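J.: Below: one structure in structure tokens.
The values are calculated or read from the model by the stated rules, or taken from the named source; none is laboratory data. Everything quoted here is computed from the prediction, not taken from an experiment. Every residue, glycine among them, receives a Cβ derived from its backbone with ideal geometry; neighbour counts consider all protein chains shown.
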Amino acid sequence: MKTTNQQELIEKLNSHRMWIETIGEKGEKLGVDEIDFRHIDLSGYPLDQAYLTECAFDGMNLEHMDMSSSLLCSSSFTNTNVVNTDFYKADLSYVNFTNADSRGARFAKADLSEAVCTNTNLTNAMLISSSLYFTDFRNANMNYADVSSASFEGTLLHGANLTGLRGIEDAFIKSINTGTPEQPNILVGGEAIKWLQDKSLSKE
């Protein structure tokens, strides 16, 4: 992580807020890389439409934060509270959500390709039309999450709680991995759909 002057970062956040509020007429769009945000109070700062690559948000409280349409690839949200956070149309490829609390979060139309969501609480999360290519959901809690029109390919689901998973019949399911990366168990097409449907009906 880069060491950044905290005051300088606050000025950039204020400038981004101005940019959002004036629809780009004033201020400047936020674009930072490899910044550690863990010691910054982000309440009151909109983070939508920002470039925040390889940044650290671990253990923070980002509940109800608007991070829609932002580029967040390779950033880290381990043990982070992102309950009801808005990631609509965000680029979340390679993001680490391990142990994050993302109940009710909106991931609609987000790119979660190769994101790590192990042990993540995704209860009631909206994954509508999201890209789940090789996304790692091992041991995640996906109770009543909505995957309508989401795209599955190589999606890791070993140990995931899928009770009440919604939208399976509308999802684009090419393949899922019910094993591990080291010992994969790939299910394709109809077989994958049946496995997901059976899991969604199970009481865990």
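J.: Test of understanding: among Phe172, Phe97, which residue is out of contact with any Leu (no Cβ under 6 Å at 6 or more places or on another chain), farther than 20 Å from Leu201 by Cβ and surrounded by fewer than 18 Cβ atoms within 10 Å (Cβ to Cβ)? Break it down stepwise before answering.
T.: Working: Phe97 fails: surrounded by fewer than 18 Cβ atoms within 10 Å (Cβ to Cβ).
Unique residue meeting the criteria: Phe172.
J.: So, one more: Looking at segment 38-67, which of its residues are out of contact with any Leu (no Cβ under 8 Å at 6 or more places or on another chain), touching a residue at least 24 places away in the same chain (Cβ under 8 Å) and surrounded by 18 or more Cβ atoms within 10 Å (Cβ to Cβ)?
T.: Result: Pro46, Asp48, Gln49, Ala56.
J.: Would you confirm whether any residue within segment 130-145 is farther than 25 Å from Ser68 by Cβ, of a type outside the set (Phe, Trp, Tyr) and in contact (Cβ under 8 Å) with a residue 12 or more places away in the chain? Full working, then the answer.
T.: Narrowing segment 130-145 to residues farther than 25 Å from Ser68 by Cβ: 138-139.
Narrowing the set further to residues that are of a type outside the set (Phe, Trp, Tyr) leaves 138-139.
Remaining after also requiring in contact (Cβ under 8 Å) with a residue 12 or more places away in the chain: 138-139.
Yes - at least one qualifying residue is present in segment 130-145.
J.: Related question: Does segment 18-41 hold any residues that are touching a Lys or Arg at 6+ places or on another chain (Cβ under 6 Å) and farther than 15 Å from Ser76 by Cα, and which are they?
T.: Answer for segment 18-41, where residues must be touching a Lys or Arg at 6+ places or on another chain (Cβ under 6 Å) and farther than 15 Å from Ser76 by Cα: Met18, Trp19, Leu30.
J.: Could I ask something else about it? Kindly indicate whether Thr118 is within 11 Å of the chain's Cα centre (by Cα) and at pLDDT 95 or above. Spell out the reasoning first.
T.: Values: within 11 Å of the chain's Cα centre (by Cα): no; at pLDDT 95 or above: yes.
Judged against the criteria, Thr118 is not a match.
J.: Here's another thing I want to ask about it. Return the pairs, sorted by first residue and then second, in which the second residue is part of a loop (DSSP other than H, G, I, E, B) and not acidic (Asp, Glu), the first residue lies in segment 160-171 and is under 14 Å from Ala125 (Cβ atoms) and at pLDDT below 95, the beta carbons are less than 7 Å apart, and the residues are 6+ apart or on different chains.
T.: Listed by first residue and then by second, the contacts come to nothing, as the list is empty.
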